């Protein structure tokens, strides 16, 4: 599953493509390696329209999986958004767009080790968006911090397409590349929005080198 991605595009491009009215991220620096339980930008619906904010990657873990654990490191990838646990966040108020320029899947090597393989758009456009959901939740994300209230996010997954399936056959993130897809995810009734939970067509992605510090 995708547990590493990059966002090295500038925030002006995010604002323009996602129709952001309020940018609350300050001076957003390139993020060539975004890991679970760390902060990253998302676009969500705010009181004055869409806003660009920072949130922690990893939605709340269902309680049954937390027995015996003192820390909830979160669920990054959501395969079944129609389940009882996730349905509480299916409304448009809890949907978000997660900007990315590349994402990584681990490739298993013959000696049993693995290495990250990076994928990006194959059309020369740098920016895309994961179809995400977000919430505000109180939990222990790090023992050193104790209980905190955080804005959390995760994104949907689906079947792998040809390029991703060659490395990770089970799944890939739901990635939106077209303006009408962004609008549909952020505004449509849930049935129409979940119709976007599908793999990108074969050939839309290509393998790339690990992202650099600047775009």
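Show that you can apply the helix-only estimate: for the chain, add -39,500 (n - 2.57) for every DSSP H stretch of four or more residues, divide by all residues, and state [θ] at 222 nm to the nearest 500.
Computed ellipticity for the chain at 222 nm equals -3000 deg cm²/dmol.
Using only the Cα atoms of the range 98-215, build the gyration tensor, take square roots of its eigenvalues as a ≥ b ≥ c, and label the shape rounded, prolate or oblate: rounded if a/c is under 1.5, else prolate if a/b is larger than b/c, else oblate. The shape class here is oblate.
Shape class of the range 27-89 from the Cα gyration tensor (axes a ≥ b ≥ c, square roots of the eigenvalues): oblate, since a/c reaches 1.5 or more and a/b does not exceed b/c. Cα centroids of the range 127-168 and the range 96-117: 15 Å apart. Kindly state, to the nearest 0.05, the FRET efficiency for residue 166 paired with residue 125, given R0 = 25 Å and r defined as their beta-carbon distance. The value I calculate is 0.65.
Order of 170, 67 from fewest to most other C-beta atoms within 10 Å?
67, 170
Sorted ascending by nearby beta carbons within 10 Å, beginning with the fewest, 17, 175 become 17, 175. Going from the fewest other Cβ atoms within 10 Å to the most, the residues 35, 5 appear in the order 35, 5. Less than 16 Å from a label point 7 Å out along the Cα-to-Cβ axis of residue 38: which backbone N atoms in the range 95-133 qualify, by residue? Taking a point 7 Å out along Cα→Cβ of residue 38, the residues of the range 95-133 whose backbone N falls under 16 Å are 99-106, 116-118. Considering only 45, 91, 83, the Gaussian network model of the chain with Cα springs below 10 Å gives its largest mean-square fluctuation to 83.
Using the Cβ-Cβ distance between residue 208 and residue 12 with R0 set to 25 Å, the FRET efficiency works out to roughly 0.65. Taking the square roots of 5 times each eigenvalue of the Cα gyration tensor of the chain, largest first, gives ellipsoid semi-axes of 24, 22, 18 Å. Result for the chain in a Gaussian network model with C-alpha springs under 10 Å: among 69, 94, 168, the largest mean-square fluctuation is at 69.
Just checking the listed ones, 46, 146, 112: in the Gaussian network model of the chain with Cα springs under 10 Å, the one fluctuating most is 112.
Bear in mind these aren't lab numbers, they're just calculated from the coordinates by the rules spelled out. This is a predicted model, so every value here is computed, not measured. Methodologically, a virtual Cβ is constructed for each residue, glycine included, from the backbone with ideal geometry; neighbour enumeration extends over all protein chains shown.
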